[in-house]
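Accompanying notes for the structure given below.
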């Protein structure tokens with residue numbers, strides 16, 4: 001969601017662009033997690049133990065900096081309140097269980113570590129995302145390097161800014177030599193002789209043996225992304241899959257692309273089909289990402305492809321029983337979507353709160369708290385009178401975050417909660433009639449309006465997945481029956497329906513309510529005649545699109561030359 005506002009004068013008319021925000025209880029409140037203490041909210045235990053197999057995988061994807069856990073007391077946030085230190089302790093216990101069961105357990109990530117919270121996006125002046133010059137290390141990324149990841153894949157959010165991509169190449173990939181994968185991603189750097197040279201950001205592929213001696217060939221590709229920065233290149237997946245690979249015990253495709261519903265590009269089936277054409281019976285395990293949803297698909301009986309959500313709201317678990325090489329029988333496979341919090345972790349590791357934390361887990365939690373304090377993230381700006389959401393409350397009800405825009409704009413300076421630095425600009429002297437045409441046009445109303453699916457197909461290659469995520473929420477809400485809604489012991493979260501057999505959700509929930517909202521919002525236009533001149537304030541991200549709307553509204557090709565940046569003094 002992007003926002004614009006109408007205003008007679010500049011004032012301090014800024015806009016909000018956030019997913020949701022929660023009210024804090026009255027009185028003293030801390031955003032630190034209580035350690036070795038009962039949860040503040042009543043959390044539901046998983047419905048059943050995990051189904052372990054010969055090969056098991058713990059999967060993270062699209063974490064986007066959410067390493068301190070979701071900290072608001074209102075549901076659904078307690079259902080994903082575990083921090084990355086809790087997760088590290090969980091992985092350590094799971095590794096021990098795998099050893100006791102004498103099976104393989106791999107830890108895999110499908111990309112998008114950047115762009116989300118200030119842990120991954122904050123930096124001192126002159127620095128790059130999450131890189132503190134004082135300590136000379138990539139701050140949020142360092143916590144990933146402390147976990148025993150077997151394979152990681154790059155995501156498109158590592159490619160929007162060249163310096164971020166360079167940091168991943170120079171400082172992150174070396175922490176995972178040979179297993180931080182960028183199978184179809186290159187970066188241009190200066191070579192030994194001072195001339196530009198294009199090299200992989202990470203490794204093209206990984207070949208390794210598991211603890212049990214199973215041979216694995218792994219690829220880590222990104223979908224055909226078009227929004228990457230200069231001096232980075234994304235090879236078409238169609239070209240990448242022409243390469244040949246040796247026969248392993250199983251293929252592990254860890255790509256930053258959806259496992260299904262990729263109708264505009266067909267990238268994932270394309271990779272699968274290329275491998276299957278040469279290796280007709282070899283098991284293929286696919287770990288997807290990108291669209292921020294829980295999903296699963298089987299392309300054939302000897303493969304499985306789960307996708308494990310976003311923002312550390314979901315932790316994926318996959319298991320498979322392997323048979324002899326050359327077998328054509330269907331594999332026994334299972335997938336599970338876990339709620340990342342301590343109740344889940346302790347249940348599946350048969351541990352207690354007093355014995356769950358490991359030393360590395362405690363170190364990571366304390367390191368995250370220290371980083372948050374150093375970046376000023378523990379500063380309390382104020383207390384909201386209630387929760388405001390983007391999609392769980394209808395627009396324009398009192399619970400809708402978008403409803404408060406008229407109350408805030410254009411008289412107050414507000415904060416923007418967005419992973420991108422949007423400058424606020426304005427055009428002076430816009431006729432009210434032309435300004436009134438902006439919002440309807442941007443929201444696709446009228447004869448020339450675009451459907452959500454058409455918009456998703458156009459925006460998806462540039463990096464926008466919000467439309468697909470909203471469609472997923474909408475379908476989940478529509479399937480909810482009155483019995484599920486009325487269940488008293490269920491809390492709000494995702495209720496997954498995918499194409500794989502069995503129930504994927506680890507814990508039973510009632511689905512999140514969903515209400516549609518416009519893509520663009522603005523304050524109420526002032527009263528006046530059609531030729532009343534006003535100042536139109538908006539974010540630069542939509543500048544070119546907005547100028548075209550104004551040109552179409554009154555036929556004048558003058559607005560781009562009138563751009564002015566709003567300079568806001570934030571020193572006090």
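As a rough guide to protection, the peptides 49-56, 248-255 ranked by mean Cβ packing within 10 Å, highest first, stand as 248-255, 49-56. Could you work out how much longer the chain between residue 321 and residue 480 gets when fully extended? Use 0.36 nm per residue separation minus the Cα distance between them, nm to one decimal. Answer, rounded to one decimal: 53.9 nm.
Quickly work out the residue 128-to-residue 499 label distance, labels modelled 7 Å from Cα along the C-beta direction, and quote it in nm with one decimal. For the pair residue 499/residue 128, the computed spacing is 3.8 nm. Remark on segment 53-374: hydrodynamic radius 20.0 angstrom, per the Kirkwood mean of 1/r across alpha carbon pairs.
Be a star and scan segment 360-398 for residues whose amide nitrogen sits under 13 Å from the point 7 Å along the Cα-to-Cβ vector of residue 96. Of the residues in segment 360-398, 360-361 have backbone N under 13 Å from the label point off residue 96. Listed from fewest to most Cβ neighbours within 10 Å, the set 307, 247, 100 follows the order 100, 247, 307. Can you tell me the relative contact order of segment 53-374? Whole percent, Cα pairs under 8 Å, sequence separation 6 or more. RCO, segment 53-374: 22 percent.
Per-peptide packing, taken as the mean over residues of other Cβ atoms within 10 Å, places 424-432, 525-533 in the sequence 424-432, 525-533 from highest down.
Each part reduced to its alpha carbon centroid, segment 165-198 and segment 292-350 end up 31 Å apart. Peptides 473-483, 368-378 ordered by packing proxy, namely the average of other Cβ atoms within 10 Å per residue, highest first: 368-378, 473-483.
Between residue 199 and residue 277, the modelled labels are 3.2 nm apart [label points 7 Å from Cα along Cα→Cβ].
By how many nm would the segment from residue 373 to residue 215 lengthen if fully extended, with 0.36 nm per residue of separation less the alpha-carbon distance? Can you show the working numbers first?
On the way: separation 158, 0.36 × 158 = 56.88 nm, distance 4.38 nm.
Result: 52.5 nm gained on full extension.
Counting 0.36 nm for each residue step from residue 560 to residue 360 and taking away their Cα separation leaves a gain of 66.6 nm.
Let's test the formula: R0 of 35 Å, r as the Cβ-Cβ distance of residue 490 and residue 162. What FRET efficiency results, to the nearest 0.05? So the FRET efficiency works out to roughly 0.15. Between residue 353 and residue 226, what is the FRET efficiency for a Förster distance of 35 Å, r being their Cβ-Cβ separation, to the nearest 0.05? Calculated transfer efficiency: 0.15.
With a Förster radius of 56 Å applied to the C-beta separation of residue 384 and residue 189, the computed FRET efficiency comes to 0.80.
When each of 188, 61 is scored by the number of other beta-carbon atoms lying within 10 Å, the sequence from fewest to most is 188, 61.
Where a number appears in this text, it was derived from the coordinates with a stated rule and is not lab data. All figures in this text were calculated on a predicted structure; none of them were measured in a lab. Positions of Cβ are backbone-derived with ideal geometry, glycine not excepted, and every protein chain shown enters the neighbour counts.
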